[in-house]
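The values are calculated or read from the model by the stated rules, or taken from the named source; none is laboratory data. Quick caveat: nothing in here was measured; it's all calculated off a predicted structure. Neighbour counts are summed over all protein chains in view; Cβ atoms, including those assigned to glycine, are modelled from backbone coordinates with ideal geometry.
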Amino acid sequence: MPPRVVSINLCADQLVLALADPGQLLAVGRLAADPTLSAMHREAAAVPAIGGSAEEVLRLAPDLVVSGAAQQRKTNALLRRMGFRVLALGAPDDVEGVAAMIGEVAAAIGQSARGERLAIELRAAFRAPTDPVGAAALVWRPNGFVSGRGTLSDAALRAAGLENAAALAGIGAWGTMPLERLVTSPPDILVLDDHMAVKSSRAQALLVHPALARLAPPMRIGTVPTADWLCPGPWMRAAVDRLRALAEP
């Protein structure tokens, strides 16, 4: 019999929702049902939601807890001391790393065949096109945070036929692109997360700075739904499709 599972991490929630049998999940985190953050929000709505505390897990008595290695580090340690089996997931930022994580979760919950299919879907979502657009796009996040070569954002851009402007600017896997640098050397396309493009914090205010409007046109500004690529998985195909649409003249 497949193990009964509780998930207490947003990205883990989505993986187990995609992999588990109906009724196998005892609970997922509350954020899993938020359509602005979760690509699996419809599936999550049919599963009980918890806040993710050790006390809640104890009451449910699952066979396996799927969690985040960093975000729930203290809770994981407590659950292990209480005798629970905990699978703590890292945050791989390349396609093969995510495929391996899918396989690990699938094996742990007794769904290896489904995991293999999901990994195939993931690789297909990131397959590079034979006719790349060639335009340069910058995925720009709060505080000017950008992802360079070798990241999932970079892989999504390349799968959409686009060049990663952060990588072209010499930025490594992670870095920042100050507004001043962006204004003096704008990309062809500026990509924002949809729920980030609001002025709700000083970090997010950068994304709606008036200087950006003066760059368009010729620079195009578009958004990708945050839920489509906040967590890695085959649902990122929707983000790639959105990037392809933004690339169209």
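Looking at (1) touching a helix residue (DSSP H, G or I) at 6+ places or on another chain (Cβ under 6 Å); (2) closer than 19 Å to A238 by Cα; (3) surrounded by fewer than 17 Cβ atoms within 10 Å (Cβ to Cβ), which is the only condition V183 fails?
Exception for V183: condition (2).
Can you tell me which residue in the range 26-50 is farthest from M236 (Cα to Cα), limited to those that are surrounded by fewer than 20 Cβ atoms within 10 Å (Cβ to Cβ) and of a type in the set (V, I, T)?
I50
From G172, G148, G161, which residue is out of contact with any Leu (no Cβ under 7 Å at 6 or more places or on another chain), farther than 21 Å from L230 by Cβ and surrounded by 14 or more Cβ atoms within 10 Å (Cβ to Cβ)?
Only one candidate qualifies: G161.
Being under 17 Å from the mean Cα position of the chain (by Cα) and buried (at least 20 other Cβ atoms within 10 Å of the Cβ) is the filter here; which residues of the range 68-77 pass it?
Listed by number, the list holds a single entry, G68.
Just to check your reading of the model, which residue among V139, V105 is touching a Ser or Thr at 6+ places or on another chain (Cβ under 6 Å), surrounded by 15 or more Cβ atoms within 10 Å (Cβ to Cβ) and among the β-branched types (V, I, T)?
V139
Can you spot a residue in the range 4-11 that is over 12 Å from the mean Cα position of the chain (by Cα), in the same structural domain as A100 (by TED's automatic domain parsing) and either part of a helix (DSSP H, G or I) or without any contact (Cβ under 8 Å) to a residue 40 or more places away in the chain (or both)?
no
Looking at the range 90-105, I want the residues that are within 13 Å of E116 (Cβ to Cβ) and have a partner that is surrounded by fewer than 20 Cβ atoms within 10 Å (Cβ to Cβ) and of a type in the set (S, T, Y) with Cβ atoms under 9 Å, at least 6 apart or on another chain. Which pairs are those?
G103/S112
Mind listing whichever residues of the range 57-67 are buried (at least 17 other Cβ atoms within 10 Å of the Cβ) and without any contact (Cβ under 8 Å) to a residue 60 or more places away in the chain?
Result: V57, P62.
For the range 218-239, what are the residues that are surrounded by fewer than 21 Cβ atoms within 10 Å (Cβ to Cβ) and under 15 Å from L138 (Cα atoms)?
Result: P218, M219, R220, I221, G222, T223.
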